[in-house]
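The values are calculated or read from the model by the stated rules, or taken from the named source; none is laboratory data. Everything quoted here is computed from the prediction, not taken from an experiment. Positions of Cβ are backbone-derived with ideal geometry, glycine not excepted, and every protein chain shown enters the neighbour counts. Note: areas computed on protein heavy atoms with side chains; ligands, DNA, RNA excluded. Shrake-Rupley method; radii C 1.70, N 1.55, O 1.52, S 1.80 Å.
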2 protein chains.
Amino acid sequence: MKAKPLNADSSTEEKIKAAARKLFTQQGFAAVRTRDIASEAGINLALLNYYFRSKEKLFEIIMLENLGHFFQGVAIIVNDEKTSFYKKIELLVDFYVTRLLNNPDVPLFVLNEARNNPQKLPMQFNLMDSFFMKQFFTEVKAGKVKAMNPGHLLINIMGLSIFPFAAKPMIQRVRGISDKEYESLMIERKKLVPEWIKSMLEVKK
Amino acid sequence: MKAKPLNADSSTEEKIKAAARKLFTQQGFAAVRTRDIASEAGINLALLNYYFRSKEKLFEIIMLENLGHFFQGVAIIVNDEKTSFYKKIELLVDFYVTRLLNNPDVPLFVLNEARNNPQKLPMQFNLMDSFFMKQFFTEVKAGKVKAMNPGHLLINIMGLSIFPFAAKPMIQRVRGISDKEYESLMIERKKLVPEWIKSMLEVKK
DNA sequence: CCTGAAGTTAAACAAATGATTAAAACAAAA
DNA sequence: TTTTGTTTTAATCATTTGTTTAACTTCAGG
(Lines give C-alpha, C1' and ligand atoms only; values in the text may rest on other atoms or scores of the structure.)
Protein backbone atom coordinates (compact mmCIF):
# COMPACT_ATOMS: atom_id res chain seq x y z
CA MET A 1 0.00 0.00 0.00
CA LYS A 2 1.16 3.48 -0.73
CA ALA A 3 0.08 6.96 0.28
CA LYS A 4 -0.60 8.32 -3.19
CA PRO A 5 0.50 11.97 -3.34
CA LEU A 6 2.40 13.56 -0.51
CA ASN A 7 1.31 16.90 -1.84
CA ALA A 8 -1.94 16.78 -3.78
CA ASP A 9 -1.02 19.77 -5.93
CA SER A 10 2.29 18.36 -7.05
CA SER A 11 0.93 14.96 -8.03
CA THR A 12 1.22 14.19 -11.71
CA GLU A 13 -2.52 13.78 -12.06
CA GLU A 14 -3.14 17.21 -10.59
CA LYS A 15 -0.45 18.84 -12.70
CA ILE A 16 -2.12 17.51 -15.85
CA LYS A 17 -5.53 18.70 -14.73
CA ALA A 18 -4.21 22.16 -13.90
CA ALA A 19 -2.58 22.47 -17.32
CA ALA A 20 -5.67 21.15 -19.08
CA ARG A 21 -7.92 23.48 -17.11
CA LYS A 22 -5.84 26.48 -18.13
CA LEU A 23 -5.54 25.62 -21.82
CA PHE A 24 -9.02 24.20 -22.44
CA THR A 25 -10.67 27.11 -20.65
CA GLN A 26 -8.65 29.67 -22.59
CA GLN A 27 -8.72 28.08 -26.03
CA GLY A 28 -11.44 25.44 -26.20
CA PHE A 29 -11.25 21.75 -27.02
CA ALA A 30 -10.32 21.87 -30.69
CA ALA A 31 -7.53 24.44 -30.41
CA VAL A 32 -5.59 22.58 -27.70
CA ARG A 33 -3.16 19.75 -28.57
CA THR A 34 -2.43 16.97 -26.13
CA ARG A 35 1.23 17.91 -26.54
CA ASP A 36 0.44 21.46 -25.39
CA ILE A 37 -1.09 20.09 -22.21
CA ALA A 38 1.84 17.76 -21.59
CA SER A 39 4.40 20.50 -22.06
CA GLU A 40 2.41 23.01 -19.98
CA ALA A 41 2.22 20.40 -17.22
CA GLY A 42 5.88 19.45 -17.64
CA ILE A 43 5.12 15.77 -18.00
CA ASN A 44 5.57 13.07 -20.58
CA LEU A 45 2.91 12.95 -23.28
CA ALA A 46 1.94 9.36 -22.56
CA LEU A 47 1.02 10.19 -18.97
CA LEU A 48 -2.01 12.09 -20.19
CA ASN A 49 -3.50 8.90 -21.57
CA TYR A 50 -2.19 6.87 -18.65
CA TYR A 51 -4.18 8.99 -16.18
CA PHE A 52 -7.15 10.14 -18.26
CA ARG A 53 -7.52 7.65 -21.12
CA SER A 54 -8.16 10.29 -23.77
CA LYS A 55 -8.20 13.98 -24.57
CA GLU A 56 -11.98 13.90 -24.62
CA LYS A 57 -12.31 12.32 -21.17
CA LEU A 58 -9.93 14.92 -19.76
CA PHE A 59 -11.90 17.69 -21.39
CA GLU A 60 -15.13 16.39 -19.92
CA ILE A 61 -13.67 16.63 -16.42
CA ILE A 62 -12.60 20.24 -16.98
CA MET A 63 -15.97 21.06 -18.49
CA LEU A 64 -17.86 19.77 -15.47
CA GLU A 65 -15.58 21.71 -13.15
CA ASN A 66 -16.16 24.91 -15.11
CA LEU A 67 -19.90 24.38 -15.26
CA GLY A 68 -19.74 23.89 -11.51
CA HIS A 69 -18.03 27.25 -11.14
CA PHE A 70 -20.85 28.72 -13.10
CA PHE A 71 -23.90 27.07 -11.61
CA GLN A 72 -22.90 25.92 -8.14
CA GLY A 73 -23.66 28.42 -5.48
CA VAL A 74 -26.37 29.94 -7.63
CA ALA A 75 -28.76 27.16 -6.64
CA ILE A 76 -28.04 27.83 -2.98
CA ILE A 77 -28.60 31.55 -3.33
CA VAL A 78 -31.84 31.40 -5.30
CA ASN A 79 -33.41 28.80 -3.03
CA ASP A 80 -32.60 30.38 0.32
CA GLU A 81 -35.97 31.09 1.94
CA LYS A 82 -34.49 33.52 4.45
CA THR A 83 -33.20 36.21 2.07
CA SER A 84 -35.41 38.80 0.40
CA PHE A 85 -36.00 39.13 -3.35
CA TYR A 86 -33.66 42.09 -3.74
CA LYS A 87 -31.07 40.63 -1.39
CA LYS A 88 -30.86 37.61 -3.67
CA ILE A 89 -30.13 39.83 -6.63
CA GLU A 90 -27.30 41.47 -4.70
CA LEU A 91 -25.93 38.08 -3.71
CA LEU A 92 -26.17 36.71 -7.26
CA VAL A 93 -24.34 39.65 -8.81
CA ASP A 94 -21.69 39.62 -6.12
CA PHE A 95 -21.26 35.89 -6.54
CA TYR A 96 -20.76 36.12 -10.30
CA VAL A 97 -18.48 39.14 -10.31
CA THR A 98 -16.30 37.82 -7.49
CA ARG A 99 -16.02 34.37 -9.03
CA LEU A 100 -15.34 35.65 -12.54
CA LEU A 101 -12.69 38.14 -11.48
CA ASN A 102 -10.66 35.05 -10.59
CA ASN A 103 -11.78 32.98 -13.58
CA PRO A 104 -12.25 35.49 -16.37
CA ASP A 105 -12.10 32.87 -19.13
CA VAL A 106 -14.89 30.71 -17.75
CA PRO A 107 -17.85 32.63 -19.26
CA LEU A 108 -16.74 32.29 -22.87
CA PHE A 109 -15.82 28.68 -22.26
CA VAL A 110 -19.24 27.88 -20.84
CA LEU A 111 -21.09 29.80 -23.54
CA ASN A 112 -19.14 27.99 -26.24
CA GLU A 113 -19.69 24.64 -24.60
CA ALA A 114 -23.39 25.39 -24.20
CA ARG A 115 -23.61 25.97 -27.94
CA ASN A 116 -21.48 23.00 -28.95
CA ASN A 117 -23.11 20.50 -26.58
CA PRO A 118 -26.36 21.93 -25.23
CA GLN A 119 -27.50 18.48 -24.14
CA LYS A 120 -24.64 18.31 -21.65
CA LEU A 121 -25.79 21.38 -19.75
CA PRO A 122 -26.94 20.57 -16.24
CA MET A 123 -30.73 20.56 -16.26
CA GLN A 124 -31.12 19.41 -12.67
CA PHE A 125 -31.74 22.72 -10.99
CA ASN A 126 -34.52 24.52 -12.75
CA LEU A 127 -34.11 28.21 -12.15
CA MET A 128 -37.76 28.77 -13.00
CA ASP A 129 -38.94 26.65 -10.07
CA SER A 130 -36.66 28.40 -7.59
CA PHE A 131 -37.79 30.26 -4.50
CA PHE A 132 -36.37 33.38 -6.13
CA MET A 133 -38.95 33.11 -8.90
CA LYS A 134 -41.77 32.58 -6.39
CA GLN A 135 -40.65 35.75 -4.63
CA PHE A 136 -40.61 37.58 -7.94
CA PHE A 137 -44.22 36.64 -8.69
CA THR A 138 -45.27 37.57 -5.18
CA GLU A 139 -43.72 41.02 -5.55
CA VAL A 140 -45.38 41.46 -8.93
CA LYS A 141 -48.81 40.51 -7.56
CA ALA A 142 -48.34 42.89 -4.63
CA GLY A 143 -47.66 45.62 -7.19
CA LYS A 144 -44.21 46.20 -5.77
CA VAL A 145 -42.26 45.38 -8.93
CA LYS A 146 -43.12 45.80 -12.57
CA ALA A 147 -44.52 42.74 -14.31
CA MET A 148 -42.32 41.23 -16.98
CA ASN A 149 -41.52 37.92 -18.54
CA PRO A 150 -39.24 36.30 -15.92
CA GLY A 151 -36.89 35.33 -18.72
CA HIS A 152 -36.03 38.98 -19.16
CA LEU A 153 -35.16 39.32 -15.49
CA LEU A 154 -32.76 36.39 -15.63
CA ILE A 155 -31.21 37.53 -18.90
CA ASN A 156 -30.71 41.01 -17.46
CA ILE A 157 -29.06 39.87 -14.25
CA MET A 158 -26.78 37.49 -16.10
CA GLY A 159 -26.15 39.83 -19.01
CA LEU A 160 -25.12 42.73 -16.79
CA SER A 161 -22.96 40.50 -14.57
CA ILE A 162 -21.43 38.04 -17.02
CA PHE A 163 -21.23 39.82 -20.37
CA PRO A 164 -18.47 42.24 -19.34
CA PHE A 165 -16.23 39.25 -18.63
CA ALA A 166 -16.99 37.50 -21.90
CA ALA A 167 -16.30 40.79 -23.68
CA LYS A 168 -13.30 41.81 -21.62
CA PRO A 169 -10.76 42.06 -24.47
CA MET A 170 -13.23 43.95 -26.64
CA ILE A 171 -14.09 46.38 -23.86
CA GLN A 172 -10.45 47.00 -23.04
CA ARG A 173 -9.70 47.56 -26.71
CA VAL A 174 -12.60 49.94 -27.31
CA ARG A 175 -12.03 51.90 -24.13
CA GLY A 176 -8.27 51.59 -24.03
CA ILE A 177 -8.04 50.74 -20.34
CA SER A 178 -5.57 48.65 -18.37
CA ASP A 179 -6.24 45.42 -16.48
CA LYS A 180 -6.23 47.39 -13.25
CA GLU A 181 -8.83 49.90 -14.45
CA TYR A 182 -10.92 47.10 -15.90
CA GLU A 183 -10.91 45.28 -12.59
CA SER A 184 -12.06 48.32 -10.61
CA LEU A 185 -14.82 48.85 -13.15
CA MET A 186 -16.02 45.31 -12.48
CA ILE A 187 -15.85 45.79 -8.73
CA GLU A 188 -17.95 48.92 -9.08
CA ARG A 189 -20.56 46.82 -10.83
CA LYS A 190 -21.10 44.65 -7.76
CA LYS A 191 -22.85 47.63 -6.22
CA LEU A 192 -24.29 49.18 -9.38
CA VAL A 193 -25.89 46.22 -11.16
CA PRO A 194 -28.34 45.47 -8.32
CA GLU A 195 -29.29 49.16 -8.23
CA TRP A 196 -29.88 49.14 -11.98
CA ILE A 197 -31.99 46.00 -11.81
CA LYS A 198 -34.00 47.67 -9.07
CA SER A 199 -34.60 50.73 -11.26
CA MET A 200 -35.79 48.52 -14.09
CA LEU A 201 -38.29 46.87 -11.80
CA GLU A 202 -39.63 50.04 -10.27
CA VAL A 203 -43.33 50.62 -10.83
CA LYS A 204 -43.95 54.00 -12.40
CA LYS A 205 -46.97 55.82 -11.07
CA MET B 1 -11.14 37.66 -71.73
CA LYS B 2 -14.00 36.29 -69.75
CA ALA B 3 -16.80 37.72 -67.64
CA LYS B 4 -16.01 36.00 -64.36
CA PRO B 5 -19.24 34.78 -62.74
CA LEU B 6 -22.53 34.95 -64.55
CA ASN B 7 -24.27 34.66 -61.21
CA ALA B 8 -22.16 35.93 -58.34
CA ASP B 9 -23.82 33.67 -55.79
CA SER B 10 -23.26 30.49 -57.74
CA SER B 11 -19.62 31.18 -58.52
CA THR B 12 -17.21 28.73 -56.97
CA GLU B 13 -15.51 31.45 -55.01
CA GLU B 14 -18.78 32.56 -53.45
CA LYS B 15 -19.85 28.99 -52.67
CA ILE B 16 -16.62 28.47 -50.73
CA LYS B 17 -17.02 31.72 -48.86
CA ALA B 18 -20.61 30.91 -47.93
CA ALA B 19 -19.62 27.48 -46.61
CA ALA B 20 -16.66 28.91 -44.73
CA ARG B 21 -18.77 31.69 -43.28
CA LYS B 22 -21.29 29.18 -41.95
CA LEU B 23 -18.77 26.73 -40.47
CA PHE B 24 -16.21 29.19 -39.11
CA THR B 25 -18.90 31.32 -37.50
CA GLN B 26 -20.56 28.33 -35.88
CA GLN B 27 -17.49 26.40 -34.80
CA GLY B 28 -14.44 28.66 -34.87
CA PHE B 29 -11.16 28.33 -36.74
CA ALA B 30 -9.62 25.32 -35.00
CA ALA B 31 -12.71 23.09 -35.08
CA VAL B 32 -13.30 23.40 -38.83
CA ARG B 33 -11.41 21.21 -41.36
CA THR B 34 -10.73 22.42 -44.87
CA ARG B 35 -12.45 19.22 -46.00
CA ASP B 36 -15.59 20.24 -44.09
CA ILE B 37 -15.66 23.51 -45.99
CA ALA B 38 -15.10 21.81 -49.33
CA SER B 39 -17.84 19.28 -48.76
CA GLU B 40 -20.27 21.90 -47.39
CA ALA B 41 -19.59 23.99 -50.49
CA GLY B 42 -19.81 20.95 -52.77
CA ILE B 43 -16.47 21.64 -54.40
CA ASN B 44 -13.12 19.95 -54.75
CA LEU B 45 -10.76 20.36 -51.82
CA ALA B 46 -8.00 21.88 -53.94
CA LEU B 47 -10.24 24.74 -55.05
CA LEU B 48 -10.12 26.18 -51.56
CA ASN B 49 -6.40 26.77 -51.86
CA TYR B 50 -6.71 27.75 -55.52
CA TYR B 51 -9.04 30.64 -54.62
CA PHE B 52 -7.88 31.57 -51.12
CA ARG B 53 -4.30 30.30 -50.78
CA SER B 54 -4.80 28.90 -47.28
CA LYS B 55 -7.30 28.12 -44.55
CA GLU B 56 -5.97 31.04 -42.55
CA LYS B 57 -6.41 33.56 -45.37
CA LEU B 58 -9.98 32.37 -45.88
CA PHE B 59 -10.68 32.66 -42.16
CA GLU B 60 -9.36 36.20 -42.10
CA ILE B 61 -11.85 37.19 -44.78
CA ILE B 62 -14.77 35.70 -42.84
CA MET B 63 -13.55 37.33 -39.64
CA LEU B 64 -13.46 40.79 -41.21
CA GLU B 65 -16.97 40.25 -42.60
CA ASN B 66 -18.28 39.25 -39.18
CA LEU B 67 -16.57 42.12 -37.44
CA GLY B 68 -18.19 44.34 -40.04
CA HIS B 69 -21.61 42.93 -39.13
CA PHE B 70 -20.84 43.82 -35.57
CA PHE B 71 -19.31 47.25 -35.84
CA GLN B 72 -20.55 48.71 -39.11
CA GLY B 73 -23.70 50.70 -38.74
CA VAL B 74 -22.88 51.37 -35.11
CA ALA B 75 -20.44 54.09 -36.14
CA ILE B 76 -23.11 55.70 -38.28
CA ILE B 77 -25.69 55.62 -35.49
CA VAL B 78 -23.47 56.96 -32.71
CA ASN B 79 -22.10 59.82 -34.82
CA ASP B 80 -25.37 61.09 -36.27
CA GLU B 81 -25.68 64.67 -35.01
CA LYS B 82 -29.39 64.82 -35.77
CA THR B 83 -30.68 62.14 -33.41
CA SER B 84 -31.12 62.62 -29.67
CA PHE B 85 -29.23 60.77 -26.95
CA TYR B 86 -32.10 58.43 -26.15
CA LYS B 87 -33.04 57.95 -29.79
CA LYS B 88 -29.52 56.67 -30.41
CA ILE B 89 -29.96 54.07 -27.67
CA GLU B 90 -33.18 52.90 -29.31
CA LEU B 91 -31.48 52.71 -32.70
CA LEU B 92 -28.46 50.85 -31.29
CA VAL B 93 -30.55 48.21 -29.55
CA ASP B 94 -32.81 47.77 -32.56
CA PHE B 95 -29.79 47.50 -34.82
CA TYR B 96 -28.15 44.79 -32.72
CA VAL B 97 -31.26 42.73 -32.08
CA THR B 98 -32.42 42.87 -35.69
CA ARG B 99 -28.97 42.00 -37.05
CA LEU B 100 -28.36 39.21 -34.56
CA LEU B 101 -31.73 37.57 -35.07
CA ASN B 102 -30.44 36.79 -38.56
CA ASN B 103 -26.87 36.02 -37.46
CA PRO B 104 -27.23 34.45 -34.03
CA ASP B 105 -23.77 32.87 -34.09
CA VAL B 106 -21.89 36.09 -34.74
CA PRO B 107 -21.64 37.32 -31.13
CA LEU B 108 -19.84 34.26 -29.79
CA PHE B 109 -17.62 34.23 -32.86
CA VAL B 110 -16.64 37.85 -32.37
CA LEU B 111 -16.12 37.49 -28.62
CA ASN B 112 -13.90 34.45 -29.16
CA GLU B 113 -11.95 36.17 -31.89
CA ALA B 114 -11.56 39.28 -29.72
CA ARG B 115 -9.98 37.11 -27.05
CA ASN B 116 -7.79 35.06 -29.39
CA ASN B 117 -6.52 38.01 -31.45
CA PRO B 118 -7.34 41.26 -29.68
CA GLN B 119 -4.81 43.12 -31.81
CA LYS B 120 -6.91 42.42 -34.90
CA LEU B 121 -9.94 44.22 -33.55
CA PRO B 122 -10.75 47.35 -35.50
CA MET B 123 -9.52 50.30 -33.49
CA GLN B 124 -10.37 52.92 -36.08
CA PHE B 125 -13.66 54.13 -34.75
CA ASN B 126 -13.28 55.10 -31.13
CA LEU B 127 -16.64 54.85 -29.43
CA MET B 128 -15.44 57.14 -26.66
CA ASP B 129 -14.92 60.04 -29.08
CA SER B 130 -18.35 59.60 -30.66
CA PHE B 131 -21.06 62.24 -30.76
CA PHE B 132 -23.13 59.87 -28.62
CA MET B 133 -20.62 60.20 -25.80
CA LYS B 134 -20.60 64.00 -26.12
CA GLN B 135 -24.39 63.94 -25.80
CA PHE B 136 -24.11 61.71 -22.74
CA PHE B 137 -21.79 64.16 -20.98
CA THR B 138 -24.03 67.07 -21.93
CA GLU B 139 -27.03 65.33 -20.42
CA VAL B 140 -25.07 64.54 -17.28
CA LYS B 141 -23.94 68.14 -16.88
CA ALA B 142 -27.50 69.35 -17.39
CA GLY B 143 -28.52 67.04 -14.56
CA LYS B 144 -30.85 65.13 -16.88
CA VAL B 145 -29.18 61.74 -16.52
CA LYS B 146 -27.31 60.16 -13.67
CA ALA B 147 -23.54 60.45 -13.78
CA MET B 148 -21.66 57.22 -14.29
CA ASN B 149 -18.49 55.90 -15.82
CA PRO B 150 -19.35 55.84 -19.55
CA GLY B 151 -17.87 52.38 -19.76
CA HIS B 152 -20.78 51.12 -17.70
CA LEU B 153 -23.26 52.65 -20.12
CA LEU B 154 -21.66 50.92 -23.11
CA ILE B 155 -21.35 47.60 -21.28
CA ASN B 156 -24.99 47.79 -20.27
CA ILE B 157 -26.33 48.57 -23.73
CA MET B 158 -24.23 45.84 -25.30
CA GLY B 159 -24.75 43.37 -22.48
CA LEU B 160 -28.51 43.67 -22.56
CA SER B 161 -28.62 43.52 -26.37
CA ILE B 162 -25.90 41.03 -27.25
CA PHE B 163 -25.60 38.69 -24.28
CA PRO B 164 -28.96 36.92 -24.86
CA PHE B 165 -27.70 35.86 -28.30
CA ALA B 166 -24.35 34.61 -27.03
CA ALA B 167 -26.22 32.69 -24.33
CA LYS B 168 -29.09 31.49 -26.50
CA PRO B 169 -28.60 27.74 -26.00
CA MET B 170 -28.16 28.19 -22.26
CA ILE B 171 -31.24 30.36 -21.97
CA GLN B 172 -33.33 27.94 -24.00
CA ARG B 173 -32.09 25.08 -21.88
CA VAL B 174 -32.72 26.78 -18.54
CA ARG B 175 -36.11 28.13 -19.53
CA GLY B 176 -37.13 25.24 -21.75
CA ILE B 177 -38.49 27.39 -24.57
CA SER B 178 -38.68 26.85 -28.32
CA ASP B 179 -36.90 28.81 -31.03
CA LYS B 180 -40.15 30.62 -31.74
CA GLU B 181 -40.66 31.69 -28.13
CA TYR B 182 -37.03 32.69 -27.89
CA GLU B 183 -37.35 34.88 -30.95
CA SER B 184 -40.38 36.73 -29.67
CA LEU B 185 -38.60 37.30 -26.37
CA MET B 186 -35.77 38.94 -28.31
CA ILE B 187 -38.18 41.07 -30.32
CA GLU B 188 -39.76 42.24 -27.08
CA ARG B 189 -36.36 43.40 -25.96
CA LYS B 190 -36.08 45.89 -28.82
CA LYS B 191 -38.65 47.96 -26.97
CA LEU B 192 -37.75 47.01 -23.39
CA VAL B 193 -33.97 47.42 -23.33
CA PRO B 194 -34.08 51.17 -24.16
CA GLU B 195 -36.72 51.64 -21.47
CA TRP B 196 -34.56 49.81 -18.95
CA ILE B 197 -31.47 51.84 -19.86
CA LYS B 198 -33.57 54.96 -19.40
CA SER B 199 -34.65 53.81 -15.91
CA MET B 200 -31.02 53.22 -14.98
CA LEU B 201 -30.11 56.72 -16.02
CA GLU B 202 -32.99 58.43 -14.29
CA VAL B 203 -31.97 60.96 -11.65
CA LYS B 204 -33.63 60.22 -8.33
CA LYS B 205 -34.77 63.25 -6.41
C1' DC C 1 18.30 -8.20 -1.63
C1' DC C 2 14.32 -9.55 -4.36
C1' DT C 3 9.81 -8.94 -6.26
C1' DG C 4 6.11 -6.77 -8.30
C1' DA C 5 3.17 -3.09 -8.95
C1' DA C 6 2.93 1.74 -10.14
C1' DG C 7 4.94 5.50 -12.52
C1' DT C 8 7.59 7.34 -16.30
C1' DT C 9 9.97 7.50 -20.69
C1' DA C 10 11.33 7.52 -25.70
C1' DA C 11 9.79 5.74 -29.74
C1' DA C 12 6.53 4.48 -32.91
C1' DC C 13 1.83 4.09 -35.22
C1' DA C 14 -2.22 5.11 -37.73
C1' DA C 15 -5.29 8.45 -38.93
C1' DA C 16 -6.29 13.12 -39.94
C1' DT C 17 -5.20 17.35 -42.04
C1' DG C 18 -3.46 21.47 -44.75
C1' DA C 19 -1.40 21.96 -48.89
C1' DT C 20 0.50 20.83 -53.60
C1' DT C 21 0.95 18.72 -58.08
C1' DA C 22 0.17 17.34 -62.67
C1' DA C 23 -3.08 16.14 -65.66
C1' DA C 24 -7.75 16.80 -67.49
C1' DA C 25 -11.88 19.52 -68.71
C1' DC C 26 -13.64 23.68 -70.18
C1' DA C 27 -14.52 27.92 -72.54
C1' DA C 28 -13.42 31.81 -75.30
C1' DA C 29 -10.65 33.80 -79.02
C1' DA C 30 -8.25 33.27 -83.34
C1' DT D 1 -10.48 23.58 -85.52
C1' DT D 2 -6.73 24.97 -83.09
C1' DT D 3 -4.88 27.60 -79.45
C1' DT D 4 -4.57 29.60 -75.04
C1' DG D 5 -5.58 30.66 -70.50
C1' DT D 6 -8.60 29.36 -66.71
C1' DT D 7 -10.96 26.13 -63.76
C1' DT D 8 -11.53 21.55 -61.85
C1' DT D 9 -10.12 16.97 -60.50
C1' DA D 10 -7.89 12.85 -58.37
C1' DA D 11 -3.89 11.61 -56.34
C1' DT D 12 -0.14 12.49 -53.42
C1' DC D 13 2.88 14.78 -49.87
C1' DA D 14 4.63 16.21 -45.56
C1' DT D 15 3.21 17.26 -40.96
C1' DT D 16 0.57 17.14 -37.16
C1' DT D 17 -1.93 14.81 -33.75
C1' DG D 18 -4.20 11.41 -30.55
C1' DT D 19 -2.94 7.19 -28.86
C1' DT D 20 -0.25 2.95 -27.92
C1' DT D 21 3.72 0.12 -27.02
C1' DA D 22 7.47 -1.76 -24.73
C1' DA D 23 11.21 -0.89 -22.11
C1' DC D 24 13.02 1.40 -18.03
C1' DT D 25 12.86 3.44 -13.21
C1' DT D 26 11.26 3.82 -8.58
C1' DC D 27 10.16 2.16 -4.35
C1' DA D 28 7.36 -0.19 -0.65
C1' DG D 29 6.73 -4.87 1.31
C1' DG D 30 8.43 -9.56 2.01
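Set side by side, the residues A:ALA18, A:ALA46 differ, and just one is surrounded by fewer than 20 Cβ atoms within 10 Å (Cβ to Cβ), more than 16 Å from DNA strand D (Cβ to nearest atom) and more than 14 Å from every other protein chain (Cβ to nearest Cβ), which is A:ALA18.
The number of residues in the stretch B:64-89 being within 19 Å of B:PHE24 (Cβ to Cβ) and in contact with a helix residue (DSSP H, G or I) (Cβ under 6 Å, 6 or more places away or on another chain) comes to 3. Residues that are closer than 22 Å to A:GLY176 by Cβ and more than 12 Å from chain A (Cβ to nearest Cβ) were ranked within the stretch B:97-137; the one that is most open to solvent (accessible area, probe 1.4 Å) is B:LYS134. Evaluation of B:ARG173 against the conditions (1) at pLDDT below 95; (2) closer than 13 Å to A:GLY159 by Cα shows that the sole unmet condition is (2). Would you please name the residue that is farthest from the other protein chains (Cβ to nearest Cβ), looking only at residues in the stretch B:21-39 that are more than 14 Å from DNA strand D (Cβ to nearest atom) and of a type outside the set (S, T, N, Q)? Checking each candidate, the answer is B:ARG21. With the condition kept exactly as written, say whether any residue in the stretch A:161-184 is within 22 Å of the chain's Cα centre (by Cα), of a type in the set (Ser, Thr, Tyr) and more than 10 Å from chain B (Cβ to nearest Cβ). Checked against the condition, which is being within 22 Å of the chain's Cα centre (by Cα), of a type in the set (Ser, Thr, Tyr) and more than 10 Å from chain B (Cβ to nearest Cβ), the stretch A:161-184 yields no hits at all.
In the set B:LEU153, B:LEU192, B:LEU91, which member is facing chain A (nearest Cβ under 8 Å) and surrounded by 17 or more Cβ atoms within 10 Å (Cβ to Cβ)?
Every option except B:LEU192 fails the conditions.
Among the listed residues A:GLY143, A:GLY159, A:GLY68, which satisfies the condition of being closer than 22 Å to B:ARG189 by Cβ and not hydroxyl-bearing (Ser, Thr, Tyr)?
A:GLY159
For the stretch A:66-75, the count of residues that are open to solvent by 60 Å² or more (accessible area, probe 1.4 Å) and within 30 Å of A:LEU127 (Cα to Cα) is at least one.
Only one of the listed residues (A:ILE89, A:ILE62) is under 30 Å from A:SER130 (Cβ atoms), within 15 Å of DNA strand D (Cβ to nearest atom) and at pLDDT 95 or above. That residue is A:ILE62.
Table: residues versus (1) open to solvent by less than 30 Å² (accessible area, probe 1.4 Å); (2) charged (D, E, K, R).
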| position | (1), (2) |
| --- | --- |
| B:ALA142 | no, no |
| B:TYR182 | yes, no |
| B:LEU201 | yes, no |
| B:LYS204 | no, yes |
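I'd like the full set of residues that are under 23 Å from the mean Cα position of the chain (by Cα) and under 18 Å from B:GLY159 (Cβ atoms), limited to the stretch A:138-160.
A:GLY151, A:HIS152, A:LEU153, A:LEU154, A:ILE155, A:ASN156, A:ILE157, A:MET158, A:GLY159, A:LEU160
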